[in-house]
Each structure stands twice: as C-alpha cells, then as structure tokens.
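Undergrad: Have a look at this one before I ask anything.
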Amino acid sequence: MRDGIGPEMNRAEYVARIHRVIDHVETHLGEELSVETLARVGCFSPFHFHRVFGAVVGEPLMAFVTRLRLEKAAGLLCQNRGLSVGQVAEAVGIAESTVFARAFRRQFGVSASQWRKEGGASLEKSKQGKAEGKESQDPQGDAGHLSKTTCMKEFSMRDDVKIRVEIRETAAVPLACVRHIGPYAGNDGLFQRLFGKLFAWAGPRGLVGPGTRTLTIYHDNPDVTAPEKLRITVALTVPARTPVEGEIGAGEIPAGKYAVATCAIRVDQYGAAWQALMGGWFPGSGWQPDDGPCFEVYLNDPGQHPQSLHEIEIWEPVRPL
C-alpha cells in the first residue's frame, strides 16, 4: 500500500470517483468545498484524498477549486454586469472581498473591475474556436432525446459559414460520458480514442441505436483556462438510470433554453461556426449566453456526405439580454 491507495482499487474506479468530485465542484462553486466535503463525495479518506486527486488530475485539489471559481467569476463579470464585484465573488464562493481581489489579480493579471471594463468584448466570444481542426464522430440518426421546441429562427453568415439558429428548450437529458483534461484542438486522434472507448462500452450493451446522439461538452473557457487544464466530455445519450462503471461516467445535458446553431461545415470550419454564433448571431439576437456548459451535437458521418461536410449543432445556454 502506498499513500493509502489499496491494490484492490483499480485506476478505472479511481477515475470514476474523481469525476464525481469534479462534477460536484463544478455545480457547487458557490458553496463550501472543503477537503473533507469533497473526500466524502468521492468516497475517499480525507487524509489521503488530496494526494489522490493531485495524482489523477495533475493539479492540487484546492488549486483546482480556486481556479474554477475565478474562471467562473471572470465570465460572470462580463455576462452579468448588474452584479457588483462583491456579489460575483460571493456567487463563486469567495466571501472575503480582499481574498477575491488578490486571487483574481494573481490569476488574470488585472483587477476584477478592469477585467470587466476591458475583457467583455473578448469574453462575449468566449467559446468560439473550441473545436477548430477537430473531426466530428459517428453518425447518429434523428433528434433522439433532445427537445426541438422552437421559439425563433434566424440565418447568419460569417467566414463562408452559414448557420441557422433557433431557440430550443429541453428537459434534462441523461448521458454516458468519457472525460478528458488537457489540450484538444486539432487532435483528431484524441477524439477518436475517447469516442472509441465510449462506443466499445455502449455497443455490447445495446445502447447505440437510431435515436442515439453523440456530443462533446466544453466545460472551460479556452480564453482563460490554460490548454493543459481544459476539460471536455464526450458523451452519448442514454435511457434514464442507465448504470455506468469505471471510466464511463454518468452525466446530463441540463434542462433549459439554448441557442442551437445548425450548419454543414468542413473539418477546418469549426472555429468559424462558433464565431458565427457567438460573434455574429448573438449581438443582434436579444439573447445572451447563460451560465452552463455548451456542446456540439454530431448529426452525420462526414464520410457519407457528398462533400465530406460535417453536419453539426452547436448548443449554447441562453437567457434574455
């Protein structure tokens, strides 16, 4: 035994537990997140948990928590200008204003007020270019579990990419997931491996059918998160309460309203498609990005398309401007 790690627990079990902790942190940033609390979430001994987390994730536990809090604050400062800096700090779980001010300046090199003043323009485009150079994956039939309640339709052109945007509202959608931490842009092999692992698990269990949808969820803003710390989840839709195991985790698409951009693009136009939505459609839409993950849904097999185009949907959570 080393550092309290028993030989009976394999790596897959460790990764599954750490993923539960990461999910908990991401959805409870405004709450108390002590080592003891997070160790209970992951079913680890508090004495050894910080070592386990650091070994698996490659980042100390509380540094990870603080970074996610500050990165969320960076987004809130620009997307929720009605909140004071102090209210933003409280919303991400840092109640002491001086602590927040020092930590924010240390992370981003400017004060929170200056970030809000000067960083808004770039942050409104926060998620553009996330998957540039990435190939989309296996074809997956029709709309599956995702709602298609449509409130509005528009068309936008940007950089030779045409997108059709509509507002949809969906209930929560259960997912089976494989997660990754690290760079991903332009890494075709990475996505092939991640989806390959997911389908190798789902296929024998009869979970891949005409209504199944595949997607990639982006948890971090590449404008503020270092490439080696970026988190993505590749996933497929599954029936509710589908049991998962090991490195295959459970997740969901949160219920709510989304701007959904549909397009057919070349493999090198993913960044342009995100830009068409974030920088082209949003400013005149009457909507703004809401707090929550954005994702891509893959609609076809590009190899079967006459022009080898990738038919995708880009989902961005929204609220009224």
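Undergrad: With (1) modelled with pLDDT of 90 or more; (2) surrounded by fewer than 20 Cβ atoms within 10 Å (Cβ to Cβ); (3) under 24 Å from residue 109 (Cβ atoms) as the list, and residue 74 as the residue in question, which single condition is left unmet?
TA: Of the numbered conditions (1) modelled with pLDDT of 90 or more; (2) surrounded by fewer than 20 Cβ atoms within 10 Å (Cβ to Cβ); (3) under 24 Å from residue 109 (Cβ atoms), the odd one out for residue 74 is (2).
Undergrad: What number of residues within region 208-224 are over 13 Å from residue 184 (Cα atoms) and β-branched (Val, Ile, Thr)?
TA: Number of matching residues: 4.
Undergrad: So residue 163 clears everything in (1) within 20 Å of the chain's Cα centre (by Cα); (2) crowded, with 20+ Cβ neighbours inside 10 Å; (3) farther than 24 Å from residue 252 by Cβ except one condition, right? Which one?
TA: (1)
Undergrad: So which of 306, 302 is closer than 16 Å to residue 213 by Cα and either assigned by TED's automatic domain parsing to the domain that holds residue 204 or without any contact (Cβ under 8 Å) to a residue 12 or more places away in the chain (or both)?
TA: Selected residue: 302, the only one of 306, 302 that is closer than 16 Å to residue 213 by Cα and either assigned by TED's automatic domain parsing to the domain that holds residue 204 or without any contact (Cβ under 8 Å) to a residue 12 or more places away in the chain (or both).
Undergrad: Taking region 221-263 as the region of interest, how many residues are outside any strand (DSSP E or B), closer than 16 Å to residue 291 by Cα and out of contact with any helix residue (DSSP H, G or I) (no Cβ under 7 Å at 6 or more places or on another chain)?
TA: 3
Undergrad: Does residue 256 satisfy the condition of being on the phi > 0 side of the Ramachandran plot, at pLDDT 90 or above and of a type outside the set (Lys, Arg)?
TA: In short, yes.
Undergrad: Return the pairs, sorted by first residue and then second, in which the second residue is charged (D, E, K, R) and assigned to a strand (DSSP E or B), the first residue lies in region 179-208 and is closer than 21 Å to residue 242 by Cβ, the beta carbons are less than 7 Å apart, and the residues are 6+ apart or on different chains.
TA: 179/231
Undergrad: Going by the structure shown, is residue 225 closer than 25 Å to residue 67 by Cβ and either touching a strand residue (DSSP E or B) at 6+ places or on another chain (Cβ under 9 Å) or modelled with pLDDT under 95 (or both)?
TA: Yes: the conditions hold for residue 225.
Undergrad: A further question follows. Which is modelled with pLDDT of 90 or more and buried (at least 18 other Cβ atoms within 10 Å of the Cβ), of 276, 235?
TA: After applying the criteria, what remains is 235.
Undergrad: Taking residue 53, is it surrounded by 17 or more Cβ atoms within 10 Å (Cβ to Cβ) and either closer than 26 Å to residue 110 by Cα or at pLDDT below 90 (or both)?
TA: Yes: the conditions hold for residue 53.
Undergrad: Further question on the same structure: So residue 81 ticks every box in (1) over 20 Å from the mean Cα position of the chain (by Cα); (2) surrounded by fewer than 20 Cβ atoms within 10 Å (Cβ to Cβ); (3) at pLDDT 90 or above but one. Which box is left unticked?
TA: Of everything listed in (1) over 20 Å from the mean Cα position of the chain (by Cα); (2) surrounded by fewer than 20 Cβ atoms within 10 Å (Cβ to Cβ); (3) at pLDDT 90 or above, residue 81 misses just condition (3).
Undergrad: Also: Condition (residue is under 20 Å from residue 18 (Cα atoms) and not hydrophobic (A, V, I, L, M, F, W, C)) applied to region 199-208: is it met by at least one residue?
TA: Checked against the condition, which is being under 20 Å from residue 18 (Cα atoms) and not hydrophobic (A, V, I, L, M, F, W, C), region 199-208 yields no hits at all.
Undergrad: Among the residues of region 200-232, write down those that are more than 24 Å from residue 254 (Cβ to Cβ) and of a type in the set (Phe, Trp, Tyr).
TA: Passing the criteria: none in range.
The values are calculated or read from the model by the stated rules, or taken from the named source; none is laboratory data. Being a predicted model, the structure only gives us computed values, none of them experimental. Every residue, glycine as well, gets a Cβ built from its backbone with ideal geometry; the counts of neighbours run over all protein chains shown.
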